[in-house]
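The values are calculated or read from the model by the stated rules, or taken from the named source; none is laboratory data. Bear in mind that the values here come from a model prediction, so they are computed numbers and not experimental data. No Cβ is skipped: glycine too gets one built from the backbone with ideal geometry, and neighbour counts run over all protein chains shown. To get the accessible areas, we keep the full protein, side chains included, count just its heavy atoms, and leave off ligands, DNA and RNA. Shrake-Rupley method; radii C 1.70, N 1.55, O 1.52, S 1.80 Å.
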Amino acid sequence: MAKDGSGDDSVPEAYELPWVEKYRPRKLEDVVGNSETIDRLKVIAREGNCPHIIISGLPGIGKTTSIHCLAHTLLGDSYKEGVLELNASDERGIDVVRNKIKTFAQKKVTLPPGRHKIVILDEADSMTAGAQQAMRRTMEIYSNTTRFALACNTSNKIIEPIQSRCAILRYSKLKDAEILKRLLEICELEKVEYNDEGISALIFTSEGDMRQAINNLQSTWSGSGFVSSTNVFKVCDQPHPIAIQAIIRACQKGDIDGAMEKLKDVWDQGYSAIDIITTIFRVVKTFDELPEYTKLEFIKEIGWTHMRILEGVGTLIQLSGLLARLCKLNMKPELFKV
């Protein structure tokens, strides 16, 4: 019964979850991508002797999820009592190590034989140097009962003494095929209507980030009721790659007027310089019509322009200068004669 007593079926609570949480893997076998690293974690889960671990990699590729799956496999029903999870970007000072972590490490908990308590530190590279130094000592003293699992975007922000005490696992970006498989599974379960261009657009905008891909899928489906490329790029607020491809083709022919006209169309739609330059880079990187040498030269020029825009020079003139340089690369030498 609905809460208002109308007799309508109420929506189950599980369906109100964001899809990224609803379809979060619960077992290591369900984690998508990075199969070699996941296999190492499966061996640790099977043997039970978990070392201190650092998992590093880009956002949204399954670092924290993998640690939770490992903890669930190791501790089973004792998961709630045997795991302390902290987000180091919020709780990153030395007091957290001295109070919360140390108190948890000293606490007596009944666990399966041969298992250890697990401290999960998300965004560990945000911890202050002082907190990391304090944690180093805690890791040593309580290593008989407690193991640490750190997830971070860049492992070089973790101090060397902690790195040397941990097994470091590196996660890479997810492949397009891996994201495609997961998106199609979710579309089938949620009865999402889509076309192939829409799914390709989701993969393009995600850049190997599974969380981004699933969030964009849900946003597009909720907002427009159909997953097409146009709807995806509207939701993600990015210039359409087809418009950017037209600009690149004009530059390839040395047609500066045509390239400028197309750029002006994209600019008039309200996109910022950073949106445009980022999409130009991503399109050029995967643009098969460009010869390899030309592609490298284009990317070099795009990189310089990207740097200037990040420094604050995000004007149409800056982007126009980029197009002029790209066109110049493809112009015949006789055109430069006075």
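Rolling a 1.4 angstrom probe over the protein heavy atoms, how many square angstrom per residue are accessible across the stretch 194-280? Result: 44 Å² per residue. The reciprocal of the average 1/r between distinct C-alpha atoms defines the Kirkwood hydrodynamic radius, which for the stretch 149-252 equals 15.8 Å. DSSP bridge analysis restricted to the chain gives an antiparallel fraction near 0%, rounded to the nearest 5. When you count the other C-beta atoms within 10 angstrom of each residue and take the mean per peptide, 149-161, 263-275 line up highest first as 149-161, 263-275.
Of the Cα atoms belonging to the stretch 244-283, the radius of gyration and Dmax stand at 9.7, 27 Å. Pairs of alpha carbons in the stretch 218-273 separated by more than 19 Å make up 39% of all such pairs. Packing-based ranking of 48-54, 320-326 yields 320-326, 48-54, ordered from highest to lowest mean Cβ neighbour count within 10 Å. The share of accessible area on the chain that comes from carbon and sulfur is 51 percent, using a 1.4 angstrom probe. Once you have a ≥ b ≥ c as the square roots of the Cα gyration tensor eigenvalues for the stretch 245-310, tell me rounded if a/c is under 1.5, and otherwise prolate or oblate according to whether a/b is larger than b/c. It is oblate, given that a/c is not under 1.5 and a/b is not larger than b/c. Between Gln269 and Thr110, what FRET efficiency comes out of the Förster formula 1/(1 + (r/R0)^6) with R0 = 45 Å and r the beta carbon distance, rounded to 0.05? Once the sixth-power term is evaluated, E becomes 0.15. Each residue, Met331 and Asp288, gets one label point 7 Å from its Cα in the Cβ direction; the gap between the two is 3.2 nm.
Each part reduced to its alpha carbon centroid, the stretch 257-333 and the stretch 109-168 end up 44 Å apart.
Between Ser200 and Lys80, what FRET efficiency comes out of the Förster formula 1/(1 + (r/R0)^6) with R0 = 56 Å and r the beta carbon distance, rounded to 0.05? With R0 = 56 Å, the Cβ-Cβ based efficiency is 0.85.
Judged by the gyration tensor of its Cα atoms, with axes a ≥ b ≥ c, the stretch 49-155 is oblate; a/c meets the 1.5 cut and b/c is at least as large as a/b.
Within the chain, which whole H helices from DSSP have a Cα span along their axis of at least 24 Å and a mean Kyte-Doolittle hydropathy of -1.0 or more, if any? Flagged H segments are 292-310.
In straight-distance terms, cross-link reach from Lys80 covers every one of the lysines whose alpha-carbon lies under 18 Å from its own, apart from those fewer than eight places away in the same chain; here that gives Lys27, Lys100, Lys102, Lys107, Lys108, Lys117.
Excluding ligands, DNA and RNA, the accessible surface per residue across the stretch 65-153 is 47 Å² with a 1.4 Å probe. The convex hull of the Cα atoms of the chain, projected and averaged over all directions, covers 23.4 nm².
Estimated at 0.36 nm per residue, the fully extended path between Arg136 and Glu297 surpasses their Cα-Cα distance by 53.3 nm.
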